[in-house]
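The values are calculated or read from the model by the stated rules, or taken from the named source; none is laboratory data. Small disclaimer: the values here were computed from a predicted structure and weren't measured. Cβ sites come from the backbone with ideal geometry, for glycine too, and all protein chains shown count toward neighbours.
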């Protein structure tokens, strides 16, 4: 009877260890799929050493994700980069000419020329008749539109070069490198996955 209880206890402990190992592998697999670097790192620390077959499988999955993310590096496939490019372009096209117009009008009012016809002068807003105030308002508008235009150029360039998509590729490469450096049980290294370099 004691033998049966002892065997049952050993079976229960071994089954729980196998289940725990499968749970950890599932967590690691989900973290790789979700591209969660911190969770992959934490799970690898919890697991400690991987089985060679598991490491090979995880590394292949991570390399496949890197390849998938590389394919998504284009304006037509990356919606965020396309949105940044289009929005930035509109802001630049609207902001920079308006900035130039604001500066030009500010200089015009500051120069002291008052060759506006009298009909317009009487129907114009009061602040427009005060040359110094009109110049300040135009310069202020020019600076605001200039900032908008420069920000538009910045985002248009970032969108054109697909920085969001490249960020995803970099994240996938970091995860693949983390798995590549993970220790293997027994010190054996798994066979190389494929010829694809993860740099």
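So if I check each of 113, 107, 131, which one is exposed (fewer than 15 other Cβ atoms within 10 Å of the Cβ), over 20 Å from residue 37 (Cβ atoms) and at pLDDT below 85? If you could, list the steps in order and put the result at the bottom.
Details: 107 fails: at pLDDT below 85; 131 fails: exposed (fewer than 15 other Cβ atoms within 10 Å of the Cβ).
Step by step, each of 113, 107, 131 is checked, and only 113 is exposed (fewer than 15 other Cβ atoms within 10 Å of the Cβ), over 20 Å from residue 37 (Cβ atoms) and at pLDDT below 85.
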*From the residues in region 165-178 that are touching a residue at least 60 places away in the same chain (Cβ under 8 Å) and surrounded by fewer than 18 Cβ atoms within 10 Å (Cβ to Cβ), which one is nearest to residue 86 (Cα to Cα)?*
166
_With the requirement that a residue be crowded, with 17+ Cβ neighbours inside 10 Å and closer than 15 Å to residue 78 by Cβ, what does region 134-157 give you?_
155, 156
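Could you tell me whether residue 85 is in a helix (DSSP H, G or I), modelled with pLDDT of 95 or more and within 29 Å of residue 174 (Cβ to Cβ)?
Details: in a helix (DSSP H, G or I): yes; modelled with pLDDT of 95 or more: yes; within 29 Å of residue 174 (Cβ to Cβ): yes.
Here the answer is yes, as residue 85 does meet what is asked.
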